Amino acid sequence: EVSRLPSTGSGITLWTAGKGASSLGERGLPAEKVGQRAAEEMERELCSPAAVDVHLADQLIPYLALAGGSYSVREISRHTKTNIWTAGQFMEAKIEIKECRGMFQVESSLRD
């Protein structure tokens, strides 16, 4: 995609059937380094036995709050923490994060 607007100039998104990774360019950072960072992140995701990637984990929070359930993720992002807090302000669910075998389990139970 070509843009005529000022930007950092590069970015890359990688995905497989169930997990993904990305990296954004910045001034002075060669495109090869941007690609390398994305590839390294993808490798961490693919080597992890977690059910979802770091980027999907925060997007699942509203559904988890509505329906209950759980999933595992290799790392908890600030977005995930923020979405858990936000969901708690609007929905009747209790979402907890538990560390388990080098991963994190995100669990929701509906409040009484």
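Just flag the trypsin sites (Lys or Arg not before Pro) in the range 14-112 sitting in loop per DSSP whose Cβ has no more than 15 other Cβ atoms within 10 Å.
On the way: sites: Lys19, Arg27, Lys33, Arg37, Arg44, Arg74, Arg78, Lys81, Lys94, Lys98, Arg101, Arg111; in loops: Lys19, Arg27, Arg74, Arg101, Arg111.
Filter output for the range 14-112: Arg27, Arg101, Arg111.
Straight-line cross-link partners of Lys19 among the aspartates and glutamates, defined as a Cα under 17 Å from its Cα and at least 8 positions apart when in the same chain: Glu40, Glu41, Glu43, Glu45, Asp53, Asp58, Glu75. What is the range 42-86 by shape, rounded, prolate or oblate, if you read a ≥ b ≥ c off the alpha carbon gyration tensor as root eigenvalues and call it rounded for a/c under 1.5, prolate for a/b larger than b/c, and oblate otherwise? Note, shape of the range 42-86 comes out oblate.
For the chain, what's the relative contact order in percent, using C-alpha pairs closer than 8 Å and at least 6 residues apart?
Values: 181 pairs, mean separation 22.1, N = 112.
So the answer I get is 20 percent.
The distance between label points at Arg101 and Leu5 comes to 4.4 nm (points 7 Å beyond Cα on the Cα→Cβ vector). Backbone N atoms of the range 74-112 closer than 18 Å to the 7 Å Cα→Cβ label point of Arg44 belong to residues 74-82, 99-106.
Here the Gaussian network model covers the chain, with springs between Cα atoms less than 10 Å apart; of Gln59, Gln89, Gln36, Gln89 fluctuates the most.
Bear in mind these aren't lab numbers, they're just calculated from the coordinates by the rules spelled out. Given the structure is predicted, the values throughout are model-derived calculations rather than measurements. Ideal geometry is used to build each Cβ from the backbone, glycine not excepted, and the neighbour counts take in all protein chains shown.
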